[in-house]
1. Out of every Cα pair in segment 74-132, what percent are spaced more than 12 Å from each other?
2. What pairs from 33/56; 54/133; 33/124; 96/130; 87/130 go past 18 Å between their alpha carbons?
3. Can you list the aspartates and glutamates whose alpha carbon sits under 15 Å from that of residue 119, skipping same-chain ones fewer than 8 residues off?
4. Please report, in debye to the nearest 20, how large the charge dipole of the chain is about its Cα centre when each Lys and Arg carries +1 at its beta carbon and each Asp and Glu carries -1 there.
5. May I ask you to derive the FRET efficiency for residue 128 and residue 25 from their Cβ-Cβ distance with R0 = 30 Å, giving the value to the nearest 0.05?
6. In percent, how large is the relative contact order of the chain, given Cα pairs closer than 8 Å and 6 or more residues apart?
7. Quick check: convex hull over the Cα atoms of segment 3-136, volume per residue in Å³, rounded to an integer?
8. What whole-number distance in Å separates the alpha-carbon centres of segment 77-92 and segment 50-76?
Amino acid sequence: MKSENIAELMKKSEYSEKAIQYFIEKINVDCMKEPDVYFSYTGPCGDTLEIYLKIKENKIEDAKFQATGCAGAFVSGSALCNLIKDKTLEEAEEIKIEDIITYLNGLPKAKIHCACLAKTTLEKAIQKYKEDKINNIVTKTEGISR
Ligand code: FES
């Protein structure tokens, strides 16, 4: 489908100009070789978001995502990745669903849960990163005590 047609359809569905632009330009839609953490989460609607994070000294250096889902999932993923870049993990965890929606200059009412999908995937990715780090420390400590 041509991007003008996509834009027209999205406009009819009440997506903002910014969201439409992000969708067409596929902002932050990519995979990442050797991310520090990868997490894939399928929401109750059946759509899936995969997130890739590069983390250095507790700071998110880069964030990319892939989605199998609706335009709302894509634009929410795009916005979320922009919002968390250069943030500490704690700052990223504090990003709210409303922040994603505000960043996009709004989302159609029926698509609010798409921002929840992005936010939940991020939460789970950070949780996994922290758990992996703890497990790594435990494994290393066990190695030392042997
Ligand atoms: Fe499932 Fe949009 S409908 S994320």
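1. Values: 1086 of 1711 pairs.
Percent of Cα pairs beyond 12 Å in segment 74-132: 63.
2. Working: 33/56 15 Å; 54/133 14 Å; 33/124 20 Å; 96/130 20 Å; 87/130 16 Å.
Result: 33/124; 96/130 exceed 18 Å.
3. Qualifying aspartates and glutamates at Cα under 15 Å: 47, 50, 90, 91, 93, 94, 98, 99.
4. Values: 22 positive and 24 negative charges, 39 e Å.
Roughly 180 debye, rounded to the nearest 20.
5. After rounding, the FRET efficiency stands at 0.55.
6. Values: 218 pairs, mean separation 34.9, N = 146.
Normalised by residue count, the contact order of the chain is 24 percent.
7. On the way: hull volume 12.8 nm³, N = 134.
It comes to 96 Å³ per residue, whole-number rounded.
8. 8 Å
Values quoted throughout were computed directly from the atomic coordinates according to the rules given, and no laboratory measurement underlies them. Predicted model only: the values in this text are computed from it and were never measured. Note that we place each Cβ from the backbone using ideal geometry, even for glycine, and neighbour counts take in every protein chain shown.
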